[in-house]
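Asks: Quick one: the structure is below, and I'll ask about it shortly.
The values are calculated or read from the model by the stated rules, or taken from the named source; none is laboratory data. All of these numbers come straight from a predicted model, not from anything done at the bench. As a convention, Cβ positions derive from the backbone with ideal geometry for all residues, glycine included, and neighbour counts pool all protein chains shown. Quick note on the areas: whole protein, heavy atoms, side chains included, nothing else; ligands and nucleic acids left out. Shrake-Rupley method; radii C 1.70, N 1.55, O 1.52, S 1.80 Å.
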Amino acid sequence: MNPGPQIQFYLFGKDYLPVTDTLLVGWLSVIIILILAKYLTSNLSIRPNGKQNIAEMIVELIYKQIEPMLPGEGWRFLPFIATIFIYVGFSNLIGLVPGLTSPTGDLNTTLGLALVVFVVVQYEGMREYGVWGYIKGFAEPVIFLLPINVIGELAKPISHSFRLFGNVVGGGIIITLIYQAAPPLIPVPLHAWFDFFVGMIQALIFGMVAIAYISVAKS
């Protein structure tokens, strides 16, 4: 069962800027992703080799999720959505490594990601309608809905972050309870496959919700 983020050390003295295990693993995830991205995209050619095929397959898969919801802007939003999808997916899967904890099992991580999406959503809405036009949209169809619409918009990053956090932590708790109840019935390969499947599904859901929020802000 996930005990929550554990403080490993402090950057500037006792009780000031604590660094947790999930933060360290989050940094490690970023470094590994950057190394893999550099490796997969090095020596690109018109006739792709094996590693280039993998990179193109990932890009095409993510692009196909964006384009139907943001017609004509799939390539524009690809870097942002792909970064979210890959980071969340990798962060979910790195928890399979013994001794490492999933960064997405920490609410601070998921809330940070959700706030980044929130900022992008607001920017895109203002870019589409102008600052005043976007703000005025919260008072439609009647001005009495202004407080409700504002609260609903502010609630989006909270629900977005809790959805991922709750699913990751909840899955870990369920697996732990099953192991305690009947360990012989849950072989390690099945556990790994379950974590892989659920981890990738949660990454897809988080990315799709981000696309949906952007699409609504621009509609």
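Asks: Could you tell me whether any residue of the stretch 94-105 is closer than 18 Å to Val209 by Cα, in a helix (DSSP H, G or I) and open to solvent by less than 50 Å² (accessible area, probe 1.4 Å)? I'd like the intermediate steps shown before the answer.
Replies: Pass one, the stretch 94-105, residues closer than 18 Å to Val209 by Cα: 104.
Then keep just the ones that are in a helix (DSSP H, G or I); that gives 104.
From the residues that got through so far, the ones that are open to solvent by less than 50 Å² (accessible area, probe 1.4 Å) too are 104.
Yes, there is a match, as at least one residue in the stretch 94-105 is closer than 18 Å to Val209 by Cα, in a helix (DSSP H, G or I) and open to solvent by less than 50 Å² (accessible area, probe 1.4 Å).
Asks: In the stretch 117-143, what residues are under 30 Å from Val88 (Cα atoms), among the aromatic types (Phe, Trp, Tyr) and open to solvent by 30 Å² or more (accessible area, probe 1.4 Å)?
Replies: Across the stretch 117-143, the qualifying residues are Phe118, Tyr123.
Asks: Search the stretch 39-58 for residues being among the β-branched types (Val, Ile, Thr) and either open to solvent by 80 Å² or more (accessible area, probe 1.4 Å) or part of a helix (DSSP H, G or I) (or both), and hand back the single one that is farthest from Gly207 (Cα to Cα).
Replies: The first filter runs over the stretch 39-58 and keeps only residues among the β-branched types (Val, Ile, Thr), leaving 41, 46, 54, 58.
Imposing the further condition that a residue be either open to solvent by 80 Å² or more (accessible area, probe 1.4 Å) or part of a helix (DSSP H, G or I) (or both) reduces the set to 46, 54, 58.
On the way: Ile46: 29, Ile54: 20, Ile58: 14 Å.
The selected residue is Ile46.
Asks: Where the second residue is not in a helix (DSSP H, G or I) and the first is aromatic (Phe, Trp, Tyr) and lies in the stretch 65-93, which pairs have Cβ atoms under 8 Å and are six or more apart or on separate chains?
Replies: Partner pairs satisfying both residue conditions: Phe77/Leu70.
Asks: Same structure, new question: What tally of residues in the stretch 95-109 results from selecting those that are under 18 Å from Val19 (Cβ atoms) and touching a residue at least 12 places away in the same chain (Cβ under 8 Å)?
Replies: Count: 10.
Asks: Do we find a residue being polar (S, T, N, Q) and touching a Ser or Thr at 6+ places or on another chain (Cβ under 9 Å) anywhere in the stretch 68-90?
Replies: The answer is no, given that none of the residues of the stretch 68-90 is polar (S, T, N, Q) and touching a Ser or Thr at 6+ places or on another chain (Cβ under 9 Å).
Asks: I'm trying to understand the selection: among the residues of the stretch 144-182, which are under 20 Å from Tyr123 (Cβ atoms), touching a Leu at 6+ places or on another chain (Cβ under 9 Å) and open to solvent by 80 Å² or more (accessible area, probe 1.4 Å)?
Replies: Answer for the stretch 144-182, where residues must be under 20 Å from Tyr123 (Cβ atoms), touching a Leu at 6+ places or on another chain (Cβ under 9 Å) and open to solvent by 80 Å² or more (accessible area, probe 1.4 Å): just Ile158.
Asks: Taking Leu61, is it open to solvent by 70 Å² or more (accessible area, probe 1.4 Å) and modelled with pLDDT under 90?
Replies: No: the conditions fail for Leu61.
Asks: Still on this structure: Under 8 Å by Cβ, and 6 or more places apart or on different chains, what pairs join a residue from the stretch 208-219 that is in contact (Cβ under 8 Å) with a residue 12 or more places away in the chain and part of a helix (DSSP H, G or I) with one that is of a type in the set (Lys, Arg) and open to solvent by 10 Å² or more (accessible area, probe 1.4 Å)?
Replies: Val209/Arg163; Tyr213/Lys156
Asks: Would you pick out the residues in the stretch 135-171 that are free of Cβ contacts under 8 Å to residues at least 12 places away in the same chain and of a type in the set (Phe, Trp, Tyr)?
Replies: Phe144
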